[in-house]
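The values are calculated or read from the model by the stated rules, or taken from the named source; none is laboratory data. Just so you know, these numbers come straight off a predicted model, no measurement behind them. Virtual Cβ from ideal backbone geometry, glycine too; neighbours counted across all protein chains shown.
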Amino acid sequence: MLVDPEIGKAGDIDTAVISLKFANGALGIIENSRKAVYGYDQRVEVFGAKGTAMADNNTPTSMVVLNESGTIRDKPLYFFLERYKTLLWQKCRPLSMLSEETNQLLFLELTALLRS
């Protein structure tokens, strides 16, 4: 186990690489780990004979600095609740009988609970 030996003791894995071959002959690779110290990493890249398509991580800003020392950019959002906050908030909105302030407090409590 690369992340936590307890995961192995529970009969699970923490890091995996999967090779795929699709019906049309295309190849794919999936890399997965339970821990990315730099944030909640979710990226996809597709390479083909006619080009490439990419979807990068969500970051707090879109700022990228390129200079002779290298590339500097924000880390990905750390936790899925940060990444999907808008979506989760929309799902919580049906609690319309509660005030906006109460809904926001409930959302913050939910976020804190899921992080612990």
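Quick notes
- Close pairs (9 angstrom Cβ cut-off, 6 or more residues apart or separate chains): of a type in the set (S, T, N, Q) in segment 9-25, loosely packed, with under 10 Cβ neighbours inside 10 Å anywhere: SER19/LEU27; SER19/ILE29
- Residue that is farthest from the chain's Cα centre (by Cα), among those in segment 16-39 that are in a loop (DSSP other than H, G, I, E, B), under 26 Å from PRO76 (Cβ atoms) and of a type in the set (A, V, I, L, M, F, W, C): VAL37
- Scanning segment 40-59 for residues being under 13 Å from the mean Cα position of the chain (by Cα) and over 19 Å from VAL17 (Cα atoms) gives a total of 5.
- Within segment 36-78, the residues that satisfy the criterion of being without any contact (Cβ under 8 Å) to a residue 24 or more places away in the chain and among the acidic types (Asp, Glu) are GLU45, ASP56, GLU68, ASP74.
- Any hit, segment 63-77, residues being exposed (fewer than 10 other Cβ atoms within 10 Å of the Cβ), closer than 30 Å to LEU108 by Cα and more than 16 Å from the chain's Cα centre (by Cα): yes
- Per-region count, segment 11-34, residues surrounded by 10 or more Cβ atoms within 10 Å (Cβ to Cβ) and out of contact with any Leu (no Cβ under 8 Å at 6 or more places or on another chain): 7
- For segment 66-87, taking the residues that are among the hydrophobic types (A, V, I, L, M, F, W, C) and closer than 18 Å to ARG34 by Cβ, the one that is modelled with the highest pLDDT is identified as LEU77.
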